[in-house]
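One structure is given here, and the rest of the page talks about it.
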């Protein structure tokens, strides 16, 4: 996945609004775009079922790639573009069904409170290095960065 720095309008959209729905929607798009669970999720079928026209027998494993599902063009158009204004409810950043992350609602609230507060407190917040120099965690199951040099 190739990342590009968010433009100033993305930060301004979150920073300058008083509408919690705008922030909530932006958080959902960010969660979709930067899905935290990067490893393949493995589930075992408890009964015979058909997924995408493929028979999966009871006891067989199914591997799910959440970031790929969040970038499926059947889910939304231009999935490799960040669009903080579009509705991406239904993304799989926290899993699905009975295996959804128990902490997802807390994570959403934290992001909805922290992002606008951070951007308002530090309106000049920016990367201190080129994006290409940011060391992303591709060696762990949780996606993120090893360090994030910033300036303001």
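Figures for the structure shown
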| quantity | calculated |
| --- | --- |
| Failed condition for residue 127, given (1) surrounded by 13 or more Cβ atoms within 10 Å (Cβ to Cβ); (2) more than 21 Å from residue 15 (Cα to Cα) | (2) |
| When residues of segment 96-123 are limited to those that are part of a loop (DSSP other than H, G, I, E, B) and closer than 21 Å to residue 145 by Cα, the one modelled with the highest pLDDT | 122 |
| Single residue of 63, 81 found to be outside any loop (DSSP other than H, G, I, E, B) and within 27 Å of residue 140 (Cα to Cα) | 63 |
| Residue that is exposed (fewer than 14 other Cβ atoms within 10 Å of the Cβ) and either farther than 29 Å from residue 120 by Cβ or touching a residue at least 24 places away in the same chain (Cβ under 8 Å) (or both), where the choices are 77, 37 | 77 |
| Residue that is farthest from the chain's Cα centre (by Cα), among those in segment 134-152 that are at pLDDT 95 or above and outside any loop (DSSP other than H, G, I, E, B) | 151 |
| Out of 77, 128, sole residue that is modelled with pLDDT of 95 or more and over 12 Å from the mean Cα position of the chain (by Cα) | 128 |
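The values are calculated or read from the model by the stated rules, or taken from the named source; none is laboratory data. Since this is a predicted model, take the numbers as computed values, not measurements. Neighbour counts are summed over all protein chains in view; Cβ atoms, including those assigned to glycine, are modelled from backbone coordinates with ideal geometry.
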